[in-house]
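Colleague: This is the structure I have questions about; it appears just below.
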Amino acid sequence: MDDLDFASRAVYYEPEASTQSISYPIYMSANYQYADDIYDQIVDGARKEVNIYSRCGNPSEYKLEEHVAQLAGATACLATASGMAAISHALLGLLKAGDHIVADLTTYSSTHEFFDHRIQDFGIEVTFVDASDIAAVEAAITDRTRVLYVETIANPTMKIAPLRALADLAHSRGIVVFCDNTFASPAVCRPHEHGVDVVLESATKFMGGHNDAVGGVITLRSDILPADWLEQVRWNTLTKLGGALSPFNAWLLLRGLQTLPLRVERQTQNALALAEWLEKQPQVRKVFYPGLPSHPQHELTQRQFDLPGAMLAFSLDTEDQAVRVLKGLKLGSFAASLGGVRTVTQVPGTMAFLDIPPAEREQMGITDGMIRVSVGIESARDIIRDFEQAMR
Ligand code: PLP
């Protein structure tokens, strides 16, 4: 069973030992009894080996963590209440006042705002760069730089981070590489295979896949950080800041993961068909999709990814045109979030990135008429027909 393909590993996990339940149970309990010698074990320092209180961890969460770690090619995983909890807990679990982060300019809006304001209030400095430019990253590094932060596929411009080159540079300076893999998912890219130390993911998106559960995961595979670093984050940061995942959401996410490869394969086929169709439409100024030869990093995509993925963007002339098209969709939803079975669209400039000043948005490459599409598993013909009638 050691050499199973990714699709088989997504489906298979060991049944629960005491009942042989194939669907792993939801342990919907906030606390656990100090029975037999459990009290003595806890006093002696046992933590994950016993169950104490759900904010510190619970069996449903541990099963999800085990499954995510093996799919991501990681040595450890820590599940959190949301993708933002994964990002904030991982950063605050490592950094202290005086440290410096080099971050890509184009990251998810809440991440960017966290970097731009809140984290700096704690004395952690951030320099923004275009992380696809290795020389610019190198120039931004100081002797206080502790973290290099990128997204595998940047939201929403679909810029790809050259992970191996970034990791080689960072590691030569003792810097830890953090990568948000939300837009890709492990079915598209496993950043640990390209040298990334810490991978963050909003499990709300492709991992869960059904728009019904919010959650996040942090995975680790690193020669720089200690092997027990995520357990330190669990006990020293997560249990103190409180971003624990609910057992029910852990169960939903574990169930969603079993169909991840199947969903993403179909979503990618649909995304490619839609991107090719969009490129032929006269109203469309530009299509941003890593699977198209017109994408500036198409060759890097082929080297680094198993598939080009389900996320694409395209631009019309104005915000008004973009909003009218999205309101005109019948099958696709005009909504926040992404990665689920349904096609979901948004205007990033005035939705996810509304609180980012226009000049910064422009630097990130986000224009007012830009539309982001998370392509679903509906039929490609119906998705295209829906955009055709809405654009008409
Ligand atoms: N990272 C990216 C790239 C995202 O798009 C999002 C949410 O949209 C997040 C992180 C945050 O995830 P969550 O909403 O689960 O907190």
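Colleague: Please indicate, with yes or no, whether at least one residue in the stretch 319-333 is out of contact with any Cys (no Cβ under 6 Å at 6 or more places or on another chain), part of a loop (DSSP other than H, G, I, E, B) and under 20 Å from Val214 (Cα atoms). Steps first, answer last, please.
Modeller: So in the stretch 319-333, the residues out of contact with any Cys (no Cβ under 6 Å at 6 or more places or on another chain) come out as 319-333.
Add one more test, that the residue is part of a loop (DSSP other than H, G, I, E, B), and what stays is 329-332.
Pick out the ones that are also under 20 Å from Val214 (Cα atoms) and you get none.
Taking every residue of the stretch 319-333 in turn, none turns out to be out of contact with any Cys (no Cβ under 6 Å at 6 or more places or on another chain), part of a loop (DSSP other than H, G, I, E, B) and under 20 Å from Val214 (Cα atoms).
Colleague: Among the residues of the stretch 11-44 satisfying the criterion of being in a loop (DSSP other than H, G, I, E, B) and polar (S, T, N, Q), which is most open to solvent (accessible area, probe 1.4 Å)? Walk me through how you get there before you give the answer.
Modeller: Step one: of the stretch 11-44, the residues in a loop (DSSP other than H, G, I, E, B) are 12-30, 32-37, 44.
Applying the additional criterion that residues be polar (S, T, N, Q) yields 18-21, 23, 29, 33.
On the way: Ser18: 100, Thr19: 92, Gln20: 115, Ser21: 34, Ser23: 61, Ser29: 41, Gln33: 153 Å².
Among those residues, the one meeting the criterion is Gln33.
Colleague: Could you say which residue among Ala271, Ala213 is closer than 23 Å to Val341 by Cβ and within 14 Å of the ligand (Cβ to nearest atom)? Steps first, answer last, please.
Modeller: Details: Ala271 fails: within 14 Å of the ligand (Cβ to nearest atom).
The match here is Ala213.
Colleague: Still on this structure, I have one more. Hey, among Gln304, Gln267, which residue is under 16 Å from Ser374 (Cα atoms) and open to solvent by less than 20 Å² (accessible area, probe 1.4 Å)? I'd like the intermediate steps shown before the answer.
Modeller: Details: Gln304 fails: under 16 Å from Ser374 (Cα atoms).
That would be Gln267, the only listed residue that is under 16 Å from Ser374 (Cα atoms) and open to solvent by less than 20 Å² (accessible area, probe 1.4 Å).
Colleague: On to the next question. Filter the stretch 131-143 for residues that are in a helix (DSSP H, G or I) and of a type in the set (A, V, I, L, M); which is surrounded by the fewest Cβ atoms within 10 Å (Cβ to Cβ)?
Modeller: Let us first name the residues in the stretch 131-143 that are in a helix (DSSP H, G or I), namely 134-140.
Next, only the ones that are of a type in the set (A, V, I, L, M) stay: 134-137, 139-140.
Details: Ile134: 15, Ala135: 9, Ala136: 14, Val137: 25, Ala139: 11, Ala140: 20.
If we take residues in the stretch 131-143 being in a helix (DSSP H, G or I) and of a type in the set (A, V, I, L, M), then Ala135 is surrounded by the fewest Cβ atoms within 10 Å (Cβ to Cβ).
Colleague: Take Gly309 and tell me if it is open to solvent by less than 40 Å² (accessible area, probe 1.4 Å) and out of contact with any strand residue (DSSP E or B) (no Cβ under 9 Å at 6 or more places or on another chain).
Modeller: So Gly309 does not fit the description; no.
Colleague: A further question follows. Could you go through the stretch 265-281 and let me know if any residue there is within 19 Å of the chain's Cα centre (by Cα) and in a loop (DSSP other than H, G, I, E, B).
Modeller: No, there is no match, as no residue in the stretch 265-281 is within 19 Å of the chain's Cα centre (by Cα) and in a loop (DSSP other than H, G, I, E, B).
Colleague: Name the residue, out of Ser29, Ser60, that is touching a Phe, Trp or Tyr at 6+ places or on another chain (Cβ under 7 Å), modelled with pLDDT of 95 or more and hydroxyl-bearing (Ser, Thr, Tyr). Quick ask: steps written out before the conclusion?
Modeller: Values: Ser29 fails: touching a Phe, Trp or Tyr at 6+ places or on another chain (Cβ under 7 Å).
Exactly one residue qualifies, and that residue is Ser60.
Colleague: Of the conditions (1) within 29 Å of Leu354 (Cβ to Cβ); (2) assigned to a strand (DSSP E or B); (3) without any contact (Cβ under 8 Å) to a residue 60 or more places away in the chain, Arg146 fails just one. Which one is it?
Modeller: Status for Arg146: all satisfied but (1).
Colleague: Among Ser172, Ser185, which is the only one that is open to solvent by 40 Å² or more (accessible area, probe 1.4 Å) and either within 18 Å of the chain's Cα centre (by Cα) or more than 12 Å from Ala103 (Cβ to Cβ) (or both)?
Modeller: Values: Ser185 fails: open to solvent by 40 Å² or more (accessible area, probe 1.4 Å).
Within the list Ser172, Ser185, the selection yields Ser172.
Colleague: Is it true that Gly365 is open to solvent by less than 30 Å² (accessible area, probe 1.4 Å) and touching a Ser or Thr at 6+ places or on another chain (Cβ under 8 Å)?
Modeller: Numbers: open to solvent by less than 30 Å² (accessible area, probe 1.4 Å): no; touching a Ser or Thr at 6+ places or on another chain (Cβ under 8 Å): yes.
Considered against the rule, which asks whether it is open to solvent by less than 30 Å² (accessible area, probe 1.4 Å) and touching a Ser or Thr at 6+ places or on another chain (Cβ under 8 Å), Gly365 comes out as no.
Colleague: Can you pull out the residues in the stretch 151-201 that are at positive phi and either within 11 Å of the ligand (Cβ to nearest atom) or in contact (Cβ under 8 Å) with a residue 40 or more places away in the chain (or both)?
Modeller: Initial filter on the stretch 151-201 (at positive phi): 158, 174, 185, 195.
Answer for the stretch 151-201, where residues must be at positive phi and either within 11 Å of the ligand (Cβ to nearest atom) or in contact (Cβ under 8 Å) with a residue 40 or more places away in the chain (or both): Met158, Gly174, Ser185.
Colleague: Quick one: in the stretch 285-301, which of the residues that are open to solvent by 70 Å² or more (accessible area, probe 1.4 Å) and free of Cβ contacts under 8 Å to residues at least 12 places away in the same chain is farthest from the ligand (Cβ to nearest atom)?
Modeller: Going through the qualifying residues, I end up with Pro293.
Colleague: Considering every residue within the stretch 63-73, establish whether at least one is on the phi > 0 side of the Ramachandran plot and within 18 Å of the chain's Cα centre (by Cα). Steps first, answer last, please.
Modeller: Quick first cut of the stretch 63-73, residues on the phi > 0 side of the Ramachandran plot only: 73.
Subset that is within 18 Å of the chain's Cα centre (by Cα): 73.
Checking the stretch 63-73: at least one residue is on the phi > 0 side of the Ramachandran plot and within 18 Å of the chain's Cα centre (by Cα).
Colleague: What number of residues within the stretch 91-111 satisfy the criterion of being away from the ligand (no atom under 11 Å from the Cβ), surrounded by fewer than 23 Cβ atoms within 10 Å (Cβ to Cβ) and over 19 Å from Asn236 (Cα atoms)?
Modeller: Quick first cut of the stretch 91-111, residues away from the ligand (no atom under 11 Å from the Cβ) only: 91-105.
Going one step further and asking which of them are surrounded by fewer than 23 Cβ atoms within 10 Å (Cβ to Cβ), we end up with 92-100, 105.
This time we only want the ones that are over 19 Å from Asn236 (Cα atoms), so: 98, 100, 105.
Going through the stretch 91-111 one residue at a time, the tally reaches 3.
Colleague: Let me ask another. Evaluate the stretch 337-357: report whether one residue or more is more than 21 Å from Ala184 (Cβ to Cβ), acidic (Asp, Glu) and assigned to a loop (DSSP other than H, G, I, E, B).
Modeller: yes
Colleague: Continuing with the same structure: Here are Phe128, Phe114: which of them is within 13 Å of the ligand (Cβ to nearest atom), of a type outside the set (D, E, K, R) and open to solvent by 10 Å² or more (accessible area, probe 1.4 Å)?
Modeller: Working: Phe128 fails: within 13 Å of the ligand (Cβ to nearest atom).
Exactly one residue qualifies, and that residue is Phe114.
Colleague: Here are the criteria: (1) surrounded by fewer than 23 Cβ atoms within 10 Å (Cβ to Cβ); (2) assigned to a loop (DSSP other than H, G, I, E, B). Tell me which single one Leu245 does not satisfy.
Modeller: (1)
One line per residue, one yes/no per condition, for (1) assigned by TED's automatic domain parsing to the domain that holds Gly195; (2) modelled with pLDDT of 95 or more; (3) among the aliphatic types (A, V, I, L, M):
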{"position": "Asp44", "(1), (2), (3)": "yes, no, no"}
{"position": "Val68", "(1), (2), (3)": "yes, yes, yes"}
{"position": "Cys77", "(1), (2), (3)": "yes, yes, no"}
{"position": "Met84", "(1), (2), (3)": "yes, yes, yes"}
{"position": "Gly93", "(1), (2), (3)": "yes, yes, no"}
{"position": "Ala97", "(1), (2), (3)": "yes, yes, yes"}
{"position": "Ser109", "(1), (2), (3)": "yes, no, no"}
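Colleague: Can you tell me how many residues within the stretch 153-162 are buried (at least 20 other Cβ atoms within 10 Å of the Cβ), touching a Ser or Thr at 6+ places or on another chain (Cβ under 8 Å) and under 15 Å from Gly309 (Cβ atoms)?
Modeller: Residues in the stretch 153-162 being buried (at least 20 other Cβ atoms within 10 Å of the Cβ), touching a Ser or Thr at 6+ places or on another chain (Cβ under 8 Å) and under 15 Å from Gly309 (Cβ atoms): 5 in total.
The values are calculated or read from the model by the stated rules, or taken from the named source; none is laboratory data. It should be emphasised that the depicted structure is a prediction, and the values quoted were computed from it without experimental measurement. Positions of Cβ are generated from backbone atoms using ideal geometry, with glycine treated the same way; all protein chains shown enter the neighbour counts. Heads up: the accessible areas ignore ligands, DNA and RNA and are worked out on the full protein's heavy atoms, side chains in. Shrake-Rupley method; radii C 1.70, N 1.55, O 1.52, S 1.80 Å.
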